[in-house]
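Asker: Supplied in structure tokens, the structure appears directly below.
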Amino acid sequence: MFTLKDELFYIDYLKFRVRWIRDMSKSTTYSISQLKLPYTLFWLVLEGKLELMIHEEKRQVSTGDIVIFPPNTMFSLLPQQEEQPIRYLSLCGDLKIGNLDLVTVYDLPFISHIASSTGLSKLISVWGTALEAFEQLGELINGDKPRSEADTPHTHLIRTDISMQFLGMQGWLYQWLQHFLSVMGEQLPVEPLRFEERVMKVCQFIQHHIGSPLCLQDLADHVYLSPGYLSHLFLQSLGMPPMEYVRQMRIQTAKTMLMDSSYTIKEIAEKVGYEEQSQLSRAFRQAEGISPVQYRQSIQASITM
């Protein structure tokens with residue numbers, strides 16, 4: 001008889017955290033200026049035609065098309081010339097194998113058409129149910145709650161009703177993922193993906209210590225390797241040296257905080273491992289071409305996607 005053991009890869013490494021699920025109806029004049037999200041964004045077009053700019057390349061999508069924006073993809077939605085309104089389902093979240101984005105690992109295309117009407121209907125149905133569960137969770141979290149003595153700034157209250165609704169929503173999300181991968185079947189790799197376990201452990205270590213000073217020797221010591229051999233494994237697995245991965249993770253974590261939190265730039269700098277705010281600002285501008293303040297403003301102005 002089969003037993004699911006702790007050491008199996010899938011238990012710790014497959015992660016799915018949703019940021020929003022929406023059913024979007026927009027006029028033809030609706031547009032989104034140039035934007036890069038720190039999360040993966042999925043659209044399923046239900047009505048109308050959309051004209052997009054993805055990495056400065058113009059692309060057109062229509063009913064039955066799935067659009068996938070991996071993290072940090074530059075895109076714009078252009079105003080439409082046609083009179084027909086547009087409607088699409090939207091899901092934004094972290095979908096990862098370990099610390100690696102699943103869409104990037106699978107090298108999925110930006111745009112795919114769902115040819116199977118049965119597959120499309122099933123995906124729309126599950127997407128709608130997940131949306132309903134997500135909205136019910138939002139109502140519970142945002143609803144009026146009586147404050148208690150225990151409800152202090154440094155105390156988390158665990159409400160059973162919210163926990164139950166969250167678990168139900170997560171169940172629908174994984175069903176959504178199952179149906180999504182099913183309709184994307186021809187785009188998925190035939191051979192199983194291979195991961196270097198020591199690289200994955202170092203990536204996890206970096207994530208958990210992103211606010212601390214990190215050096216190559218620390219990372220190598222964590223998996224009992226020499227710095228040179230760890231660098232070789234990183235280049236082989238991820239195409240970059242370990243300390244370049246650290247730099248990218250600091251910027252990526254800063255971007256999620258700029259989007260999701262009200263922390264000041266100084267507080268974010270400290271939380272992602274920079275001693276001074278100016279160090280974060282300089283590194284952020286080098287990576288993104290704009291300042292952290294400008295990035296936060298652009299994200300908040302374009303959040304209705």
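The values are calculated or read from the model by the stated rules, or taken from the named source; none is laboratory data. Predicted model only: the values in this text are computed from it and were never measured. For neighbour counting, all protein chains shown are included, and Cβ atoms are generated from backbone atoms with ideal geometry for every residue, glycine included. Note: accessible area is taken over every heavy atom of the protein model, side chains too, but ligands, DNA and RNA are not part of it. Shrake-Rupley method; radii C 1.70, N 1.55, O 1.52, S 1.80 Å.
Asker: Restricting to region 64-107, name every residue that is assigned to a strand (DSSP E or B) and out of contact with any strand residue (DSSP E or B) (no Cβ under 8 Å at 6 or more places or on another chain).
Answerer: Answer for region 64-107, where residues must be assigned to a strand (DSSP E or B) and out of contact with any strand residue (DSSP E or B) (no Cβ under 8 Å at 6 or more places or on another chain): just LEU100.
Asker: Here's another thing I want to ask about it. Would a scan of region 215-236 turn up a residue that is under 20 Å from LEU100 (Cβ atoms), in contact with a Cys (Cβ under 9 Å, 6 or more places away or on another chain) and open to solvent by 60 Å² or more (accessible area, probe 1.4 Å)?
Answerer: No.
Asker: For THR63, which of the numbered conditions (1) among the β-branched types (Val, Ile, Thr); (2) open to solvent by 60 Å² or more (accessible area, probe 1.4 Å); (3) touching a residue at least 60 places away in the same chain (Cβ under 8 Å) fails to hold?
Answerer: (3)
Asker: Continuing with this model, one more query. Which one of the conditions (1) open to solvent by 80 Å² or more (accessible area, probe 1.4 Å); (2) under 13 Å from TRP43 (Cα atoms); (3) touching a Lys or Arg at 6+ places or on another chain (Cβ under 7 Å) does HIS113 fail to meet, given that it meets all the rest?
Answerer: Evaluating HIS113 over (1) open to solvent by 80 Å² or more (accessible area, probe 1.4 Å); (2) under 13 Å from TRP43 (Cα atoms); (3) touching a Lys or Arg at 6+ places or on another chain (Cβ under 7 Å) leaves (3) as the failure.
Asker: Just to be sure, is GLU47 in contact with a Lys or Arg (Cβ under 7 Å, 6 or more places away or on another chain) and acidic (Asp, Glu)? Break it down into steps so the answer makes sense when it comes.
Answerer: Details: in contact with a Lys or Arg (Cβ under 7 Å, 6 or more places away or on another chain): yes; acidic (Asp, Glu): yes.
Answer is yes for this residue.
Asker: Report yes if GLN217 is at pLDDT below 95 and among the polar types (S, T, N, Q), otherwise no.
Answerer: no
Asker: Looking only at residues that are among the polar types (S, T, N, Q) and not in a strand (DSSP E or B) in region 16-60, which one is surrounded by the fewest Cβ atoms within 10 Å (Cβ to Cβ)? Don't jump to the end; show me each part of the working.
Answerer: First, pick out the residues of region 16-60 that are among the polar types (S, T, N, Q): 25, 27-29, 31, 33-34, 40, 60.
Then keep just the ones that are not in a strand (DSSP E or B); that gives 27-29, 31.
Working: SER27: 11, THR28: 16, THR29: 7, SER31: 13.
Only one residue tops the list, namely THR29.
Asker: Regarding SER27, is this residue in contact (Cβ under 8 Å) with a residue 12 or more places away in the chain, touching a strand residue (DSSP E or B) at 6+ places or on another chain (Cβ under 7 Å) and of a type in the set (Gly, Ala, Ser)? Break it down stepwise before answering.
Answerer: Values: in contact (Cβ under 8 Å) with a residue 12 or more places away in the chain: yes; touching a strand residue (DSSP E or B) at 6+ places or on another chain (Cβ under 7 Å): no; of a type in the set (Gly, Ala, Ser): yes.
The answer is no for SER27.
Asker: Another question, then. Considering only residues that are of a type in the set (A, V, I, L, M, F, W, C), touching a helix residue (DSSP H, G or I) at 6+ places or on another chain (Cβ under 8 Å), at pLDDT below 95 and open to solvent by 60 Å² or more (accessible area, probe 1.4 Å), which ones fall in region 168-194?
Answerer: Within region 168-194, just LEU193 meets the criteria.
Asker: Is there any pair with a first residue in region 284-296 that is under 17 Å from PRO71 (Cα atoms) and a second that is open to solvent by less than 40 Å² (accessible area, probe 1.4 Å) and outside any helix (DSSP H, G or I) whose Cβ atoms are under 7 Å apart and which are 6 or more apart or on different chains, and what are they?
Answerer: From residues that are under 17 Å from PRO71 (Cα atoms), the pairs are PHE284/SER291.
Asker: Which residue pairs have Cβ atoms closer than 8 Å, lie 6 or more positions apart in sequence or on different chains, and pair a first residue in region 233-256 that is under 14 Å from TYR274 (Cα atoms) with a second residue that is open to solvent by 60 Å² or more (accessible area, probe 1.4 Å) and of a type outside the set (S, T, N, Q)?
Answerer: Cβ pairs passing all conditions: THR253/LYS271.
Asker: Being open to solvent by less than 10 Å² (accessible area, probe 1.4 Å), at pLDDT 95 or above, of a type outside the set (D, E, K, R) and more than 19 Å from ILE299 (Cα to Cα) narrows it down to one residue among LEU123, LEU102; which is it?
Answerer: LEU123
Asker: If you don't mind, there's one more thing I want to ask. Tell me which residues, restricted to region 123-136, are free of Cβ contacts under 8 Å to residues at least 60 places away in the same chain and in contact with a helix residue (DSSP H, G or I) (Cβ under 8 Å, 6 or more places away or on another chain).
Answerer: VAL126, THR129, ALA133, GLN136
Asker: For region 212-233, what are the residues that are in a loop (DSSP other than H, G, I, E, B) and either more than 30 Å from the chain's Cα centre (by Cα) or over 27 Å from ILE268 (Cα atoms) (or both)?
Answerer: The answer is VAL223, TYR224, LEU225, SER226.
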